[in-house]
Amino acid sequence: MNIINKLQAYASGSGLWVWVGEKAIRVVVIIILAFIIKTIGTRTINTIFKEKAHSKIRLTTNRREQTLRNLLNNMLSYVLVAIVILMILDTFDVPIRTMLAGAGVAGLAVGFGAQKLVKDIISGFFIIFEDQFSVGDYIEIGDIEGDVEVIGLRTTTLRSYYGQRYVIPNGNIEIVTNYSTVNGFAMVEINLPYETDIVKAEKMVTEILPQLPEKYDVFVGEPEINGVQALELSNYVLRIRAETTPVMQWQGARIIRKEVKEHLFERGIDIPSPRLLVYSEHGSAENAREV
């Protein structure tokens with residue numbers, strides 16, 4: 001009972017509530033200051049990159065600047081959160097130096113179990129430093145491809161054409177195909193029936209190809225015919241190759257198929273269909289019937 005009475009007396013005393021009030025005020029002040037610093041820092045970072053976007057002298061690309069801006073904002077948040085936690089602990093007289101010394105010793109033990117995390121962070125640093133890809137790029141990592149939404153020090157987030165969102169640890173990124181940094185090539189194969197003269201067909205296709213760059217700005221230069229690429233059962237395959245602006249090779253291929261198909265159809269050449277020759281039991285090749 002004496003212990004309970006002492007606790008009640010201590011809880012009802014003014015000294016405890018004064019101490020709690022002082023600590024609470026300090027915690028609130030720390031959080032408010034951190035929020036102000038975060039707001040000022042974010043605005044400063046965004047202003048710097050906004051001014052660089054309007055500058056005539058550009059040392060980095062828009063993609064890289066957006067990536068660096070997001071990274072700096074994230075790092076500012078991480079640093080402020082760490083500082084706020086340490087200051088709050090110090091407010092409640094927690095021995096921070098002793099904790100940090102102990103954390104250094106414990107960090108060695110934890111480090112062996114966090115090798116994957118360290119690998120992800122180091123890989124993320126080199127991805128950003130070497131500008132392997134940036135936010136907004138369309139890339140392919142293994143069997144996954146999509147637009148880069150976020151590049152962090154630990155993970156990279158992609159959003160696919162169909163809407164799936166993939167979060168990939170940076171340590172797992174080994175081979176990257178970046179479609180946004182260089183021009184692409186649209187490769188289109190046109191099936192033509194054997195009855196069509198190849199020289200005549202190539203001449204017809206050549207008539208339409210020079211018009212494509214004038215109608216569509218996705219093409220870089222004039223598409224060209226690579227010739228016959230294969231001989232199928234009922235047709236031969238004519239390949240067309242066209243250079244396009246980055247990430248536009250798929251749209252360029254669709255345009256070529258549409259324009260070439262319509263052009264050939266207007267001149268009496270249609271897409272071939274599978275055919276089968278049927279012979280009677282005692283029939284000859286002359287009496288074969290095509291179905």
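Scanning the stretch 179-208 for residues that are under 30 Å from GLY146 (Cα atoms) and of a type outside the set (S, T, N, Q) yields TYR179, VAL182, GLY184, PHE185, ALA186, MET187, VAL188, GLU189, ILE190. Taking (1) closer than 20 Å to TYR78 by Cα; (2) modelled with pLDDT of 90 or more; (3) aliphatic (A, V, I, L, M) in turn, ILE173 satisfies each apart from (1). Looking across the stretch 123-145 at every residue that is in contact (Cβ under 8 Å) with a residue 40 or more places away in the chain and among the hydrophobic types (A, V, I, L, M, F, W, C), the one that is surrounded by the most Cβ atoms within 10 Å (Cβ to Cβ) is identified as PHE133. Taken together, the criteria place ILE190 among residues that are buried (at least 16 other Cβ atoms within 10 Å of the Cβ) and of a type outside the set (Gly, Ala, Ser). Could you look through the stretch 31-50, keep only residues that are modelled with pLDDT under 85 and among the hydrophobic types (A, V, I, L, M, F, W, C), and pick out the one that is farthest from THR91 (Cα to Cα)? Top of the filtered list is PHE49. Of all residues in the stretch 125-148, those being under 13 Å from THR181 (Cβ atoms) and acidic (Asp, Glu) number 4.
In the set ILE208, ILE240, which member is in contact with a Pro (Cβ under 8 Å, 6 or more places away or on another chain) and on the phi < 0 side of the Ramachandran plot?
Testing whether each residue is in contact with a Pro (Cβ under 8 Å, 6 or more places away or on another chain) and on the phi < 0 side of the Ramachandran plot leaves just ILE240.
Condition check ((1) modelled with pLDDT under 60; (2) touching a Lys or Arg at 6+ places or on another chain (Cβ under 6 Å); (3) within 28 Å of THR157 (Cβ to Cβ)) across all residues:
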residue: SER12; (1), (2), (3): no, no, no
residue: LEU72; (1), (2), (3): no, no, yes
residue: LEU100; (1), (2), (3): no, no, no
residue: VAL105; (1), (2), (3): yes, no, no
residue: GLY113; (1), (2), (3): yes, no, yes
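Going residue by residue through the stretch 233-253, is there one that turns out to be assigned to a loop (DSSP other than H, G, I, E, B) and either among the small types (Gly, Ala, Ser) or without any contact (Cβ under 8 Å) to a residue 24 or more places away in the chain (or both)? Yes, the stretch 233-253 contains a residue that is assigned to a loop (DSSP other than H, G, I, E, B) and either among the small types (Gly, Ala, Ser) or without any contact (Cβ under 8 Å) to a residue 24 or more places away in the chain (or both). Give the residue, chosen from ILE168, ILE151, ILE173, ILE190, that is of a type in the set (A, V, I, L, M) and over 24 Å from GLN132 (Cα atoms). Checking each option against the conditions leaves just ILE190.
The values are calculated or read from the model by the stated rules, or taken from the named source; none is laboratory data. Since the structure is predicted, the reported quantities are computational estimates derived from the model, not experimental observations. All Cβ positions, glycine included, derive from the backbone under ideal geometry; neighbour counts span all protein chains shown.
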